[in-house]
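First up is the structure itself, then whatever we jot down about it.
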Amino acid sequence: MNPIIEFKDYTFKYRSQEEPTLRDINISIYPGEKVLIVGPSGSGKSTLAHCINGLVPFSFAGTATGSLSVKGENPGETGIFGMSKIVGTVLQDTDGQFIGLTVAEDIAFALENDMVEQSEMFRRVDEVADIVDVKKLLLHAPSELSGGQKQRVSMGGVLIDDVDILLFDEPLANLDPATGKRTIDMIERIQKETGKTILIIEHRLEDVLYRDVDRIIVIGEGRVIADRKPDDLLSGDVLETQGIREPLYLAALKYAGCTIQPETHPQHIESMNLDPYREQVREWYEHAAFTPNEKKNDIALEIMDLDFAYISGNPVLQNIRFKINKGEMLSIVGKNGAGKTTLSNLICGFISPDKGTIYLNGSDIAAKSIKERGEVIGLVMQNPNQMISKPMIFDEVALGLTVRGVEEDKIKERVNETLKICGLYPFRNWPVAALSFGQKKRVTIASILVMNPDVIILDEPTAGQDYKHYTEIMEFLKKLNETLGITIIMITHDMHLMLEYTDRAIVIADGELVADDSPARVLTNETIADKAYLKKTSLYDLAIQCGVEDAPGFAERFIHYEREIRNH
């Protein structure tokens, strides 16, 4: 069988760069294969995808040597339009892919371009809507849909063209864990029913491996570091050396001193043969020391009986009540559309509750304006580009103090002090545009921190970050929390973040508070996980299958042990 995608000694250099982004790439992908491509940010994964779908060199100019063939075509000659008939790309940001006013129009767009007869168009839209399970949504506007629904509509838009290859660029980045699982299920079903070749580029390795893949290709510094079957790759140390997060159950097995063997099929915890490892895991659990964190009693923020609805009679939040102690670092989790962001908007004063009270340091803040609240409660948005308004780093961090009329000398002193804390002082005279995404995130945190807030709320602080940048941001936030005593609230879909960095999780589902407990207990409780669209941690399955009855205790020991290792 001939490969459907073949790179031979392929090297590519962007016009604006001195060094190649891809070097000596040799990859053969065969029809009907499902291949996962992983690697740290900047490794060349996205460039590889852009070469396959024709964006390189037509949207991103540069020079290439070697050869690339996609279904017998050279993308450099066939062009973007020609390649779109062979490769369908589903982007990470699905909003950037919508064109139609309704779901049906959006799916039909490619057929309209090809002047397909209307009766045939209706038939094919109906057929594709059935495959991606959006038949009931055909008359809805794409803007009305949840993240998971948008993902399915994007899939429909590329499937309608009957492409041979489906390319998914970080399909899970903005989805809650359960919707992510459904997306991976949907990709599996499409592959089985249509026989299409599937390429998935994703940071969330463990979530993609919820269903089988044929191979995992690891890209590092523009080269192919590994191209292996999952069981072979997961039993080696390539992921670790490349800074890619391993599945949690494998990390736990290694902490217990186990050497992972490919023949035990480590791709899935559910079907993995744990017989060789059970005794070691139980022994590790019994001897791993664990001291729970001491509870702090001073209350920073208290939410009392909060109700809110955008449309009367259709509540978004109902009877929400909880307390957050000073210096806590906690997570607010739940499915897309559960009301998490609405809750942060209520705390910041962007909207007002229909009922209930919010107390900060024991005082009702209902009478405080957004500006007054902004001096004590800082909000860091998911996308730093939506927050940054000044071209230079110093000016951006100084902005909050400048608009409040603080003296110039004091501004300079406070901004420089904050930039030092955030590790940005060497870049103080740089333009913001010269920074990476992670550094821009730090600038937005610095612009809040300079106001000396009591509480910082972060919306998806690690979305779309590779493991290295994720760890940098989270360690930085942890340091702020420990050294300055700032209360940090994180709204997140990332179950690893919740487990590793927070001691408490507030879980919201369908507008109601369904749990307020330690992350380990939340993620080992099937009822809560199902209700809030979370994903039960694989540490739970590992504990149960190894005969450890206290699965929450096992998860807590694992997290404690991991923190100890990281701190040393």
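Residues being among the aromatic types (F, W, Y) and open to solvent by 10 Å² or more (accessible area, probe 1.4 Å): count how many of those fall in the range 466-500.
Of the residues in that region, 2 qualify.
So which residues in the range 420-434 are in contact (Cβ under 8 Å) with a residue 12 or more places away in the chain, of a type outside the set (V, I, T), assigned to a helix (DSSP H, G or I) and open to solvent by 50 Å² or more (accessible area, probe 1.4 Å), if there are any at all? Outline the logic, then answer.
Start the filter on the range 420-434 by keeping residues that are in contact (Cβ under 8 Å) with a residue 12 or more places away in the chain, which leaves 421-424, 427-433.
Cutting the leftovers down to of a type outside the set (V, I, T) gives us 422-424, 427-431, 433.
Cutting the leftovers down to assigned to a helix (DSSP H, G or I) gives us 427, 433.
Of everything in the range 420-434, just one residue is in contact (Cβ under 8 Å) with a residue 12 or more places away in the chain, of a type outside the set (V, I, T), assigned to a helix (DSSP H, G or I) and open to solvent by 50 Å² or more (accessible area, probe 1.4 Å), namely A433.
Hey, among S59, S16, S41, which residue is open to solvent by 60 Å² or more (accessible area, probe 1.4 Å), of a type outside the set (A, V, I, L, M, F, W, C) and in contact with a helix residue (DSSP H, G or I) (Cβ under 9 Å, 6 or more places away or on another chain)? Even if it seems obvious, please write down each step before you answer.
On the way: S16 fails: in contact with a helix residue (DSSP H, G or I) (Cβ under 9 Å, 6 or more places away or on another chain); S41 fails: open to solvent by 60 Å² or more (accessible area, probe 1.4 Å).
Unique residue meeting the criteria: S59.
When you scan the range 2-49, how many residues do you find that are on the phi < 0 side of the Ramachandran plot, part of a loop (DSSP other than H, G, I, E, B) and of a type outside the set (V, I, T)?
The total comes to 14.
Look through I260, I198 and report the one residue that is in contact with a strand residue (DSSP E or B) (Cβ under 6 Å, 6 or more places away or on another chain) and β-branched (V, I, T).
Sole residue among the options that is in contact with a strand residue (DSSP E or B) (Cβ under 6 Å, 6 or more places away or on another chain) and β-branched (V, I, T): I198.
Working only within the range 303-354, note down all residues that are modelled with pLDDT under 90, open to solvent by 20 Å² or more (accessible area, probe 1.4 Å) and outside any loop (DSSP other than H, G, I, E, B).
Within the range 303-354, I311, N314, T341 meet the criteria.
What residue, of Y10, Y30, is without any contact (Cβ under 8 Å) to a residue 60 or more places away in the chain and either in contact with a Phe, Trp or Tyr (Cβ under 8 Å, 6 or more places away or on another chain) or open to solvent by 10 Å² or more (accessible area, probe 1.4 Å) (or both)?
Y10
How many of the residues in the range 222-269 are touching a residue at least 60 places away in the same chain (Cβ under 8 Å) and under 17 Å from F554 (Cβ atoms)?
Residues in the range 222-269 being touching a residue at least 60 places away in the same chain (Cβ under 8 Å) and under 17 Å from F554 (Cβ atoms): 8 in total.
What is the one condition in (1) among the charged types (D, E, K, R); (2) surrounded by fewer than 16 Cβ atoms within 10 Å (Cβ to Cβ); (3) touching a residue at least 60 places away in the same chain (Cβ under 8 Å); (4) in contact with a helix residue (DSSP H, G or I) (Cβ under 8 Å, 6 or more places away or on another chain) that E375 does not satisfy?
Single failed check for E375: (4).
Filter the range 355-390 down to residues that are of a type in the set (G, A, S) and over 27 Å from N429 (Cβ atoms) and give me whichever is modelled with the highest pLDDT. Full working, then the answer.
Start the filter on the range 355-390 by keeping residues that are of a type in the set (G, A, S), which leaves 356, 362-363, 366-367, 369, 374, 378, 389.
Cutting the leftovers down to over 27 Å from N429 (Cβ atoms) gives us 356, 362-363, 366-367, 369.
On the way: G356: 96, G362: 92, S363: 93, A366: 93, A367: 93, S369: 92.
Among residues in the range 355-390 that are of a type in the set (G, A, S) and over 27 Å from N429 (Cβ atoms), the one modelled with the highest pLDDT is G356.
Output the residues belonging to the range 185-213 that are buried (at least 21 other Cβ atoms within 10 Å of the Cβ) and closer than 17 Å to G156 by Cβ.
Selection gives I187, K196, I198.
Would you mention how many residues in the range 239-263 are more than 26 Å from the chain's Cα centre (by Cα) and surrounded by fewer than 17 Cβ atoms within 10 Å (Cβ to Cβ)? Don't jump to the end; show me each part of the working.
Restricting attention to the range 239-263, the residues satisfying the condition of being more than 26 Å from the chain's Cα centre (by Cα) are 256-263.
With surrounded by fewer than 17 Cβ atoms within 10 Å (Cβ to Cβ) added as a condition, the list becomes 257, 259, 261-263.
Qualifying residue count for the region: 5.
List, please: which pairs have Cβ atoms under 7 Å, are six or more places apart or on different chains, and start with a residue in the range 435-455 that is touching a residue at least 12 places away in the same chain (Cβ under 8 Å) and polar (S, T, N, Q) and end with one that is open to solvent by less than 10 Å² (accessible area, probe 1.4 Å) and assigned to a strand (DSSP E or B)?
Between residues of the range 435-455 that are touching a residue at least 12 places away in the same chain (Cβ under 8 Å) and polar (S, T, N, Q) and residues that are open to solvent by less than 10 Å² (accessible area, probe 1.4 Å) and assigned to a strand (DSSP E or B), the close pairs are T444/V380.
Just a yes or no: is a residue in the range 512-520 among the acidic types (D, E), closer than 21 Å to I456 by Cβ and open to solvent by 60 Å² or more (accessible area, probe 1.4 Å)?
Yes: the range 512-520 contains one or more residues that are among the acidic types (D, E), closer than 21 Å to I456 by Cβ and open to solvent by 60 Å² or more (accessible area, probe 1.4 Å).
Taking the conditions exactly as written (under 30 Å from G44 (Cα atoms), at pLDDT 90 or above and surrounded by 18 or more Cβ atoms within 10 Å (Cβ to Cβ)), does L458 satisfy them or not?
yes
Only one of E482, E472, E417 is assigned to a helix (DSSP H, G or I), of a type outside the set (A, V, I, L, M, F, W, C) and at pLDDT below 85; which?
Details: E482 fails: at pLDDT below 85; E417 fails: at pLDDT below 85.
None of the other options fit; the residue is E472.
The values are calculated or read from the model by the stated rules, or taken from the named source; none is laboratory data. Treat the numbers as computed from the prediction; the structure is a model and nothing was measured. A quick note on method: Cβ atoms are made from the backbone with ideal geometry, for glycine too, and the neighbour counts reach across all protein chains shown. Ligands, DNA and RNA are stripped out before the accessible areas are found, and what is left, the full protein with its side chains, is counted by its heavy atoms. Shrake-Rupley method; radii C 1.70, N 1.55, O 1.52, S 1.80 Å.
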